[in-house]
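Novice: Sharing a structure with you now.
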Amino acid sequence: MVSVNVAQLLQEAPGAVREFDFSDRVAAVSDEVQLRGPVRGHARLMRTSEGILVHSDHVAPVTLECARCLDETRLELMGSFDEEFLPSVDLRTGLPVAVPADDEQPRIDEHHEIDLDELLRQNILTNLPLQPLCEAACPGLCATCGQRLDRTHRGHAEDEAPIDPASPFARLATLLKNDEDK
């Protein structure tokens, strides 16, 4: 969990800055994305007139499935975000601050801590490649046998691909083959 106590920074004048490095595990990103180590980064906290502005640059090591060959591929996702956190409790009185019901602004919790886990998780998700590849020249899979198309793969004759009679597309395959033969 990446969090930091900002009670001292909230007592300072706008423009005051604190910086820290982090390397910590973040809660599960999603079912399809596996983190394979801690998220590492640097955060810069700056006091504003309303709250605390957080700027973070970070790197997340993830494991994804290659879009062509379905092998496991490892990537280092780089990301950054800027987000302002507003207090949920008045620092001097300890009373809750009124928050509008439709307000989605991140909040500093009642212990005066900022939790970056959810922002890091969302940022990792938005930085995922649309089609992750194990390598730029990944050949993919053979449509006939399902094996990886690399130097060891041998070609197939057209009649070598058996048609499964139980398949709902067996009749269509037979019609297409008959049409090609004409």
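The values are calculated or read from the model by the stated rules, or taken from the named source; none is laboratory data. Note that this is a predicted model, so its numbers are computed, not measured. All Cβ positions, even for glycine, are placed from backbone atoms using ideal geometry, and neighbour counts span all protein chains on display.
Novice: Which condition breaks for residue 118 when tested against (1) under 30 Å from residue 18 (Cβ atoms); (2) at pLDDT below 85; (3) out of contact with any strand residue (DSSP E or B) (no Cβ under 6 Å at 6 or more places or on another chain)?
Specialist: Only one criterion is unmet by residue 118, namely (2).
Novice: Restricting to region 131-148, what's the tally of residues that are touching a residue at least 60 places away in the same chain (Cβ under 8 Å) and either surrounded by 13 or more Cβ atoms within 10 Å (Cβ to Cβ) or in the same structural domain as residue 67 (by TED's automatic domain parsing) (or both)?
Specialist: Total meeting the criteria: 8.
Novice: Please verify whether region 59-71 includes one or more residues that are free of Cβ contacts under 8 Å to residues at least 24 places away in the same chain and among the aliphatic types (A, V, I, L, M). Break it down into steps so the answer makes sense when it comes.
Specialist: Let us first name the residues in region 59-71 that are free of Cβ contacts under 8 Å to residues at least 24 places away in the same chain, namely 59.
Still in the list and also among the aliphatic types (A, V, I, L, M): 59.
The answer is yes, given that some residue of region 59-71 is free of Cβ contacts under 8 Å to residues at least 24 places away in the same chain and among the aliphatic types (A, V, I, L, M).
The rows are residues; the columns are (1) under 14 Å from residue 115 (Cα atoms); (2) outside the structural domain of residue 93 (by TED's automatic domain parsing); (3) under 13 Å from the mean Cα position of the chain (by Cα); (4) buried (at least 17 other Cβ atoms within 10 Å of the Cβ).
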residue: 8; (1), (2), (3), (4): no, no, no, no
residue: 11; (1), (2), (3), (4): no, no, no, no
residue: 15; (1), (2), (3), (4): no, no, no, no
residue: 22; (1), (2), (3), (4): yes, no, no, yes
residue: 25; (1), (2), (3), (4): yes, no, no, no
residue: 29; (1), (2), (3), (4): no, no, yes, yes
residue: 35; (1), (2), (3), (4): no, no, yes, yes
residue: 44; (1), (2), (3), (4): yes, no, no, no
residue: 48; (1), (2), (3), (4): no, no, no, no
